[in-house]
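The values are calculated or read from the model by the stated rules, or taken from the named source; none is laboratory data. Not measured: the values here are computed from a predicted model. For neighbour counting, all protein chains shown are included, and Cβ atoms are generated from backbone atoms with ideal geometry for every residue, glycine included. Calculation scope for accessible area: heavy atoms of the full protein, side chains included, ligands and nucleic acids excluded. Shrake-Rupley method; radii C 1.70, N 1.55, O 1.52, S 1.80 Å.
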Amino acid sequence: MSRASQVILTNMCLIEDGKGNIVMQIRDPERYSWSGAALPGGHVEDKESFHDSVVREIYEETGLTIK
């Protein structure tokens, strides 16, 4: 009996400006499978570090460059 199972890793990133403002996404129900407000983030690709996935997803979803 195998104890292995597939895992899908995701990330979300809270971006705050020091004044209490945060970056949120408002997802369009006609474009996405689910709608509503969410922090930007997404899936970690195969062999990608968690850090690199956060930096990539933030750029893809917001156009912001973080480090």
TODO: Place a +1 charge on the Cβ of each Lys and Arg in the chain and a -1 charge on the Cβ of each Asp and Glu, then give the dipole magnitude about the Cα centre in debye, rounded to the nearest 20.
DONE: 180
- [ ] Specify whether the C-alpha gyration tensor of region 2-41 places it in the rounded, prolate or oblate class, a ≥ b ≥ c being the square roots of the eigenvalues: rounded for a/c under 1.5, otherwise prolate if a/b is larger than b/c and oblate if not.
- [x] oblate
TODO: Give, as ranges by residue number, the residues of region 1-23 whose backbone N falls under 17 Å from the point 7 Å along Cα→Cβ of Ala38.
DONE: 8-15, 23
- [ ] Enumerate by residue number the trypsin sites (Lys or Arg not before Pro) in region 21-52 meeting two conditions: DSSP loop (anything except H, G, I, E, B), and at most 12 other Cβ atoms within 10 Å of the site's Cβ.
- [x] Arg31, Lys47
Task: Filtered GluC sites (Glu not before Pro), the chain: DSSP coil and at most 16 other beta carbons within 10 Å - done: Glu30, Glu45, Glu48
Task: Rounded accessible area of Leu39 (nearest 10 Å², 1.4 Å probe) - done: 50
- [ ] With label points built 7 Å along Cα→Cβ from the Cα atoms of Thr65 and Asp52, find their separation and express it in nm.
- [x] 1.8
TODO: Whole number in Å², please: accessible area per residue of the chain, 1.4 Å probe, ligands, DNA and RNA not counted.
DONE: 84
- [ ] Starting from the chain, pick out the chymotrypsin sites (Phe, Trp or Tyr not before Pro) whose DSSP state is loop and whose Cβ has at most 10 other Cβ atoms within 10 Å.
- [x] Trp34
Task: Given (1) 18, 43, 28, 9, 3, 0; (2) 19, 47, 28, 6, 0; (3) 23, 66, 12, 0, the label whose value is P(r) over Cα pairs in 10 Å bins from 0, in percent derived from this model - done: (1)
